[in-house]
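The structure under discussion appears below in the form of structure tokens.
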């Protein structure tokens, strides 16, 4: 484990972002001191306390207002202890922080790397929803192949419990990104006997990773249910054996799931703040234990 690089005071954007780079440094310094004489960690070209430069290597359209962006490691932004590693290392469910500037104003925004089969070790891919007047969206729209960008991380301490018998993932929009990585990791593990269900809330024209999720139904222990808002259900192009509901998640949907599992289950939630608050209230109304609910 390498000692963390102390960031400059100027690295803090003073916008109240979480985690703040200065707070992360203090936390990592404590961990380094505690682990100094013990186990080593896998070398990573990413850092929690300083930025790394990544060049945009490719971009590809996905839905009407989302795109995949693939970035390739170039170098650390600032000098840090010598490391031969160019590997991008992160755990499923973790996210990275992107640092950008637009109209002279610095900002940071979190993005989750998406699992890509056979991706080279010095690259990562993010799925970005491009909002009409979003600050980060406007910047991503201007990126061209070869443009250099700044990233740090990874952050997030979610760990998969393979002893769990049932898990219900509930995602909204790009909140699917961390769950997709976790699903891939769980379902590809032959020793995982957990029954995994995904409730995915989305719009008809913005069903992110729809083909990828459809392929996962081949696993015996996975089921995906789509909750579509705003379509004409009679014209919706439904895939074979695809489970689709034309309503928001309700108490009845959670109760139906609970009756099918007949036991305790964990519920990770990821989406907008209002979405997560609403789903959490529904779960509590259904007497799901608070300790079994995790909000990303």
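The values are calculated or read from the model by the stated rules, or taken from the named source; none is laboratory data. Keep in mind that this is a model prediction, so the values were computed, not measured. Backbone-built Cβ (ideal geometry, glycine too); neighbour counts: all protein chains shown.
Test residue 83 against the stated conditions and say whether it is in a loop (DSSP other than H, G, I, E, B), exposed (fewer than 14 other Cβ atoms within 10 Å of the Cβ) and at pLDDT 90 or above. Write out each step before concluding.
Working: in a loop (DSSP other than H, G, I, E, B): yes; exposed (fewer than 14 other Cβ atoms within 10 Å of the Cβ): yes; at pLDDT 90 or above: no.
When the stated conditions are applied, residue 83 does not pass them.
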| note | Within the range 121-146, the count of residues that are in contact (Cβ under 8 Å) with a residue 40 or more places away in the chain and either surrounded by 12 or more Cβ atoms within 10 Å (Cβ to Cβ) or within 18 Å of residue 175 (Cβ to Cβ) (or both) comes to 12
| request: Scan the range 109-120 for residues that are surrounded by 12 or more Cβ atoms within 10 Å (Cβ to Cβ) and under 18 Å from the mean Cα position of the chain (by Cα) and jot them down. | output: 109, 110, 111, 112, 113, 114, 115, 116, 119
| Counting only residues that are at pLDDT below 90 and over 19 Å from residue 95 (Cβ atoms), which one in the range 39-59 is surrounded by the fewest Cβ atoms within 10 Å (Cβ to Cβ)? | 39
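Take residue 247 and decide whether it is within 25 Å of residue 111 (Cβ to Cβ), in contact with a helix residue (DSSP H, G or I) (Cβ under 9 Å, 6 or more places away or on another chain) and at pLDDT below 95. Explain how you work it out, then say what you get.
Numbers: within 25 Å of residue 111 (Cβ to Cβ): no; in contact with a helix residue (DSSP H, G or I) (Cβ under 9 Å, 6 or more places away or on another chain): yes; at pLDDT below 95: yes.
For residue 247, the condition - within 25 Å of residue 111 (Cβ to Cβ), in contact with a helix residue (DSSP H, G or I) (Cβ under 9 Å, 6 or more places away or on another chain) and at pLDDT below 95 - is not met.
Within the range 167-184, identify whether any single residue is assigned to a loop (DSSP other than H, G, I, E, B), modelled with pLDDT under 95 and on the phi < 0 side of the Ramachandran plot, and answer yes or no. Please lay out each step first, then the result.
Our first condition is that a residue be assigned to a loop (DSSP other than H, G, I, E, B); within the range 167-184, this holds for none.
Taking every residue of the range 167-184 in turn, none turns out to be assigned to a loop (DSSP other than H, G, I, E, B), modelled with pLDDT under 95 and on the phi < 0 side of the Ramachandran plot.
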| query | What's the number of the condition residue 103 fails, among (1) under 26 Å from residue 6 (Cα atoms); (2) free of Cβ contacts under 8 Å to residues at least 24 places away in the same chain? | reply | (1)
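Kindly indicate whether residue 264 is assigned by the TED database to the domain that holds residue 187, in contact (Cβ under 8 Å) with a residue 40 or more places away in the chain, on the phi < 0 side of the Ramachandran plot and out of contact with any strand residue (DSSP E or B) (no Cβ under 7 Å at 6 or more places or on another chain). Working first, answer last.
Details: assigned by the TED database to the domain that holds residue 187: yes; in contact (Cβ under 8 Å) with a residue 40 or more places away in the chain: yes; on the phi < 0 side of the Ramachandran plot: yes; out of contact with any strand residue (DSSP E or B) (no Cβ under 7 Å at 6 or more places or on another chain): yes.
Yes: the conditions hold for residue 264.
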| message | For the range 81-91, check the following and say yes or no: at least one residue is closer than 22 Å to residue 296 by Cα, more than 16 Å from the chain's Cα centre (by Cα) and not assigned by the TED database to the domain that holds residue 188. | response | no
| request: Mind listing whichever residues of the range 237-261 are surrounded by 14 or more Cβ atoms within 10 Å (Cβ to Cβ) and free of Cβ contacts under 8 Å to residues at least 12 places away in the same chain? | output: none
| Which residues, taken from the range 103-131, are in contact with a helix residue (DSSP H, G or I) (Cβ under 9 Å, 6 or more places away or on another chain) and outside any loop (DSSP other than H, G, I, E, B)? | 105, 107, 108, 109, 111, 113, 126, 127, 128, 129
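Quick grid of which residues meet (1) under 30 Å from residue 54 (Cβ atoms); (2) assigned by the TED database to the domain that holds residue 269; (3) surrounded by fewer than 18 Cβ atoms within 10 Å (Cβ to Cβ); (4) without any contact (Cβ under 8 Å) to a residue 40 or more places away in the chain:
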{"site": "171", "(1), (2), (3), (4)": "yes, yes, no, no"}
{"site": "176", "(1), (2), (3), (4)": "yes, yes, no, no"}
{"site": "183", "(1), (2), (3), (4)": "yes, yes, no, yes"}
{"site": "194", "(1), (2), (3), (4)": "no, yes, no, yes"}
{"site": "217", "(1), (2), (3), (4)": "no, yes, yes, yes"}
{"site": "224", "(1), (2), (3), (4)": "no, yes, no, yes"}
{"site": "235", "(1), (2), (3), (4)": "no, yes, yes, yes"}
| Restricting attention to the range 16-38, which residues are exposed (fewer than 10 other Cβ atoms within 10 Å of the Cβ) and at pLDDT below 60? | 36, 37, 38
